[in-house]
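Asker: Please read through the structure below; I'll follow up with questions.
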Amino acid sequence: MAPSNRIEGHPVSPQPQKPAVLFVCLGNICRSPLAEAAFRVEAARLGLDVEIDSAGTGSWHVGEPPDRRAQAVARRYGVDIGRCRARQVTREDFSRFTHVVALDESVLVTLRRLRPRDAAAEVALLLDYVDGRAGESVADPYYGGDDGFETTWADVTSGAAALARRIVGG
Ligand code: 4NP
């Protein structure tokens with residue numbers, strides 16, 4: 001896949017760093033724990049050696065487990081996310097992780113503000129990695145019904161597969 005011109009960062013670092021991916025949404029209780037889960041499944045399938053985590057830009061839910069509707073949709077697809085606990089993204093995350101992946105445009109704006117100038121991490125929207133969906137946000141399901149979480153799972157699954165392919169491709 002041709003890299004989107006929206007993807008920022010410096011993929012060439014002096015010392016090759018093991019891939020490490022951080023998914024970021026607002027609360028870290030709905031979309032990013034699901035993206036983390038979908039990416040864990042994909043990485044395991046491909047035998048990728050990669051560190052994986054998720055965080056939120058906001059602090060409202062720090063320390064809490066994922067929303068019960070997010071836990072339910074993950075369970076329907078065979079993944080237990082009940083042990084995740086929400087945390088807030090930090091400036092250090094931009095050097096710890098090679099990829100800092102925003103679930104929506106507002107999160108991307110916050111990440112660009114937070115990112116230290118010299119940080120090497122690639123910062124992008126999750127759907128930037130999906131052919132034909134660059135620039136799209138994963139909709140926030142928090143205030144909607146259970147259907148929204150099925151859409152979230154479908155979106156994060158597409159994004160996770162495309163991102164894993166990009167990492168495998170180098
Ligand atoms: P998330 O969903 O960003 O996908 O975890 C949200 C969860 C909580 C809030 C907003 C979005 N909130 O405003 O509390």
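The values are calculated or read from the model by the stated rules, or taken from the named source; none is laboratory data. As the structure is a prediction and not an experimental result, all values here were calculated from the model. With ideal geometry, Cβ positions are generated from the backbone for all residues, glycine too; neighbour counts draw on all protein chains shown. Side chains are part of the model used for accessible areas, which takes the heavy atoms of the whole protein and leaves out ligands, DNA and RNA. Shrake-Rupley method; radii C 1.70, N 1.55, O 1.52, S 1.80 Å.
Asker: Among the residues of segment 96-114, is any buried (at least 23 other Cβ atoms within 10 Å of the Cβ), touching a Leu at 6+ places or on another chain (Cβ under 6 Å), β-branched (Val, Ile, Thr) and under 27 Å from residue 71 (Cα atoms)?
Answerer: yes
Asker: Could I ask something else about it? State all residues of segment 93-113 that are away from the ligand (no atom under 16 Å from the Cβ) and out of contact with any strand residue (DSSP E or B) (no Cβ under 8 Å at 6 or more places or on another chain); if no residue qualifies, say none.
Answerer: Within segment 93-113, 95, 113 meet the criteria.
Asker: Now for a separate question. Got a sec? Which of 19, 14 is surrounded by fewer than 24 Cβ atoms within 10 Å (Cβ to Cβ) and at pLDDT 95 or above? Step through it out loud before you land on a result.
Answerer: On the way: 14 fails: at pLDDT 95 or above.
Among 19, 14, only 19 is surrounded by fewer than 24 Cβ atoms within 10 Å (Cβ to Cβ) and at pLDDT 95 or above.
Asker: Do you know which residues across segment 63-83 are small (Gly, Ala, Ser) and over 12 Å from residue 35 (Cβ atoms)?
Answerer: Result: 63, 72, 78, 82.
Asker: Evaluate the following for residue 65: is it in contact (Cβ under 8 Å) with a residue 24 or more places away in the chain, open to solvent by 40 Å² or more (accessible area, probe 1.4 Å) and within 15 Å of the ligand (Cβ to nearest atom)?
Answerer: For residue 65, the condition - in contact (Cβ under 8 Å) with a residue 24 or more places away in the chain, open to solvent by 40 Å² or more (accessible area, probe 1.4 Å) and within 15 Å of the ligand (Cβ to nearest atom) - is met.
Asker: For residues that are modelled with pLDDT of 95 or more, within 16 Å of the ligand (Cβ to nearest atom) and among the small types (Gly, Ala, Ser), tally how many sit in segment 118-170.
Answerer: Residues in segment 118-170 being modelled with pLDDT of 95 or more, within 16 Å of the ligand (Cβ to nearest atom) and among the small types (Gly, Ala, Ser): 6 in total.
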